[in-house]
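Before any comments, here is the structure.
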Amino acid sequence: MHSHENTVRLMPDVATQAQPHLAGALDWVGMDGIEVPVRFDAGDGDVQRASAQVGAFVNLTRPDRRGIHMSRLYLLVDQYLSARTVDGAMLESLLRAFLESHKDLADHARISIRFDQLVRRAALRSDNSGWRAYPVSIEASLCSDGFRMELGTEVVYSSTCPASAALSRQLIQEQFAKDFDAGKPVDHAAVLAWLGSEKGIVATPHAQRSVARLLVRFVDGAPLNLIGLL
């Protein structure tokens, strides 16, 4: 009967023994869905803390290696994002740390950060204000062409349905043709009164919920100004 020490020693290393003839480089390897708090200034100087989902990746350039050190990426994400405010300089520094921790394996690094940001918004018809939550996505990469960063968000708004607007105009035209004889002169005052009556506006278009999805790429040194983008 083997001792525990011998059992551990005899366990096979599947990563090196299984299909040793297979080898190749990989574009991206890493972890996604890492739960970590982030500190973010939306552009008003009020740094808020939010719960984020983070993806951390590097490429694998050496076909003779079976993987990367994912724990190193995790520890760096926790170290940087838990203590420092998210901005371009910090993300570039973090990506360089990714590459330094894999300097014999990778030359490209990427990070994605997703969270909801509360922004105080003014009311439309009063001096009051309230909070609105906006989804934020930040993508940053460090590759052969340098550092690149993108900020994305969504804005929900009310818009007019173009199909119902076209149908409404058609019905109003048909009602106008019924109420005003084409062979007689049209009186300006009569038309003005007709437009202001229930008979004149026989149909109205309906509103619909719409979403504007915004994605911008930042130049070097530009602040992550979410409020300005909104």
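A few comments on the model shown:
- Scanning the range 184-204 for residues that are open to solvent by 60 Å² or more (accessible area, probe 1.4 Å) and in a helix (DSSP H, G or I) turns up H188, A189, L192, A193, L195.
- Residue that is most open to solvent (accessible area, probe 1.4 Å), among those in the range 28-44 that are among the charged types (D, E, K, R) and not in a loop (DSSP other than H, G, I, E, B): E35
- Enumeration of residues in the range 52-88 that are closer than 30 Å to A133 by Cβ, at pLDDT below 95 and assigned to a helix (DSSP H, G or I): G88
- Near pairs, Cβ below 7 angstrom, 6+ apart or cross-chain, from the range 126-147 (surrounded by 11 or more Cβ atoms within 10 Å (Cβ to Cβ)) to any residue that is outside any strand (DSSP E or B) and among the basic types (K, R): L142/R96
- Filter result for D104 (at pLDDT below 90, loosely packed, with under 15 Cβ neighbours inside 10 Å, farther than 20 Å from L229 by Cβ and assigned by the TED database to the domain that holds M149): yes
- Residues of the range 45-66 satisfying the condition of being more than 20 Å from R96 (Cβ to Cβ) and surrounded by 13 or more Cβ atoms within 10 Å (Cβ to Cβ): Q48, A50, A52, Q53, R65, R66
The values are calculated or read from the model by the stated rules, or taken from the named source; none is laboratory data. Computed from a prediction, not measured in an experiment: that's the story for all the values here. Cβ: placed from backbone, ideal geometry, glycine included. Neighbour counts: every protein chain shown. All accessible areas refer to the heavy atoms of the entire protein, side chains included, with ligands and DNA or RNA removed. Shrake-Rupley method; radii C 1.70, N 1.55, O 1.52, S 1.80 Å.
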